[in-house]
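Participant: One structure, as structure tokens, below. Some questions next.
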Amino acid sequence: MTSDDFVPARLRRLWGMSESSRLGRPAALDVNRVVAAAVEIADRDGLGGVTLPKVAKVLGFTGMSLYRYVGSKDELLTLMADAAMGVPPDPRTDDWRDGLSGWAFAQRAVFQRRPWLTRVPTSGPPSGPNQIAWMETGLAVMSRTRLDWAHKIGVLSLINGYVVQSVRQYSDLAEGRAEGQGQADAERDYGRALVRLVEPERFPETARLFSSTLFEAPPSDTPDATIADADFTLGLELILDGVAVRIGRSDF
């Protein structure tokens, strides 16, 4: 038994470990071509546009023939997600807070370019080479802290989840707005409507919120990206504040 026997076929394909071709003939297809075609479809049509028959048609093969290269649609999605993430940038800092902030913004940039990535179901922990590279970068940023392994993984999972959810929520809200309506106008209209509906006797704190100037604050001509950046930064700073408290504790 070789060491490869302990590595499932799906992980061998994910890491690009070659599979022997039958009869020694070169394969007409390979995993990389299948994944590249699927990513191209997702970039154009979204995740819902990716089907094995469609990928096969683009490549000039039958849908059944793809099962020689990917075991299932779920495996194809895993392969696509790892390939589409690419490699992380070098944080170029020894400060854990700056490093994690840069790590989060770099992930966000990838998800903004490819919002379909936020729709890929999570079927397990990171296992592909690019995902592991992102994990390595995050762990390296925290290497000088006193956090143990469980805390480090918890921090990365929390930040990654926040990034995914914020990009997905922004995309959903943008799709739900009226055509031509910007985020600032949508927030203003939301606040003006709710202030008339939320009764102070029933929802005292929420009524105070809608009576404040919060939803009137951004000028209507403020770019959506500026508002989204501010919202994302606020949430990330709150998370990092909590990480700083945990790093500063001496009893964990």
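The values are calculated or read from the model by the stated rules, or taken from the named source; none is laboratory data. Since this is a predicted model, take the numbers as computed values, not measurements. Note that we place each Cβ from the backbone using ideal geometry, even for glycine, and neighbour counts take in every protein chain shown. Only protein heavy atoms, including side chains, enter the accessible area calculation; ligands, DNA and RNA are left aside. Shrake-Rupley method; radii C 1.70, N 1.55, O 1.52, S 1.80 Å.
Participant: Using 0.36 nm per residue of separation minus the Cα-Cα distance, give me the extension gain between D94 and D148 in nm, one decimal.
Facilitator: Taking 0.36 nm per residue and subtracting the Cα distance, the gain is 17.6 nm.
Participant: First measure r as the distance between the Cβ atoms of Q165 and R33, then evaluate 1/(1 + (r/R0)^6) with R0 = 35 Å and state the FRET efficiency to the nearest 0.05.
Facilitator: Working from the Cβ atoms, E equals 0.60.
Participant: Less than 20 Å from a label point 7 Å out along the Cα-to-Cβ axis of T51: which backbone N atoms in the range 75-92 qualify, by residue?
Facilitator: 75-78, 80
Participant: Between D74 and E175, how many nm apart are label points set 7 Å from Cα along the C-beta direction?
Facilitator: In this crude spin-label approximation the distance works out to 2.3 nm.
Participant: Please find the FRET efficiency linking L197 to I247, where r is the Cβ-Cβ separation and R0 is fixed at 30 Å, and quote it to the nearest 0.05.
Facilitator: With R0 = 30 Å, the Cβ-Cβ based efficiency is 0.10.
Participant: Keeping the other protein chains in place, figure out the carbon and sulfur percent of the accessible area of the range 16-151, with a 1.4 Å probe.
Facilitator: Percent of accessible area from carbon and sulfur atoms in the range 16-151: 54.
Participant: Let me ask something additional. Just the number, please: carbon plus sulfur as a percent of the accessible area of the range 190-252, 1.4 Å probe, no ligands or DNA/RNA counted.
Facilitator: So the carbon and sulfur contribution to the accessible surface is 58 percent.
Participant: In Å², what does the accessible area per residue of the range 105-202 work out to with a 1.4 Å probe?
Facilitator: 60
Participant: Once label points are set 7 Å from the Cα along Cα→Cβ at both T62 and T122, what is their separation, rounded to one decimal in nm?
Facilitator: The two pseudo-label positions are separated by 3.9 nm.
Participant: Could you list the GluC sites (Glu not before Pro) in the range 174-252 that lie in coil according to DSSP, counting only those with at most 10 other Cβ atoms within 10 Å of their Cβ?
Facilitator: Counting only loop positions with at most 10 other Cβ atoms within 10 Å, the GluC sites (Glu not before Pro) in the range 174-252 are E179, E201.
Participant: Output ³J(HN,Hα) for the range 35-43: one whole-Hz value per residue in order, computed from phi by the Karplus curve 6.51 cos²θ - 1.76 cosθ + 1.60 with θ = phi - 60°, and x for Gly and Pro.
Facilitator: These are the phi-based 3J(HN,Hα) values: 5, 4, 5, 5, 5, 4, 5, 5, 4 Hz.
Participant: Can you give the charge dipole size of the range 104-176 about its Cα centre, rounded to the nearest 20 debye, using +1 on the beta carbon of Lys and Arg and -1 on the beta carbon of Asp and Glu?
Facilitator: In total the dipole reaches around 140 debye.
Participant: If you take the charge dipole of the chain about its Cα centre, with +1 on Lys and Arg Cβ and -1 on Asp and Glu Cβ, which of V31, T233, V163 is farthest toward its positive end?
Facilitator: V31
Participant: Using only helices, what value at 222 nm comes out for the chain when you add -39,500 (n - 2.57) per DSSP H run of length 4 or more and divide by the total residues, to the nearest 500 deg cm²/dmol?
Facilitator: -19500 deg cm²/dmol
Participant: Return the tail of the calculated pair distribution for the range 61-213, meaning the percent of Cα-Cα pairs more than 19 Å apart.
Facilitator: 67
Participant: Rounded to the nearest 0.05, what FRET efficiency is calculated for R10 and S212 with R0 set to 41 Å and r the Cβ-Cβ distance?
Facilitator: E between R10 and S212, to the nearest 0.05, is 0.20.
Participant: For the pair E205/A225, report the inter-label distance in nm, with labels modelled 7 Å from Cα in the Cβ direction.
Facilitator: 3.6
Participant: Run the dipole for the chain about the Cα centre, Lys and Arg Cβ at +1, Asp and Glu Cβ at -1, nothing else charged, and hand back the magnitude in debye, nearest 20.
Facilitator: Its charge dipole is roughly 1000 debye.
Participant: Here's another thing I want to ask about it. Ordering K54, K152 from largest to smallest accessible area (1.4 angstrom probe), what's the sequence?
Facilitator: K54, K152
Participant: Which listed residue (L139, G60, T78) has the Cα farthest towards the positive end of the charge dipole for the chain, taking +1 on Lys and Arg C-beta and -1 on Asp and Glu C-beta about the Cα centre?
Facilitator: G60
Participant: Still on this structure, I have one more. Between V141, V167, V198, find the one with the highest GNM mean-square fluctuation for the chain; connect C-alpha pairs within less than 10 Å.
Facilitator: It is V198.
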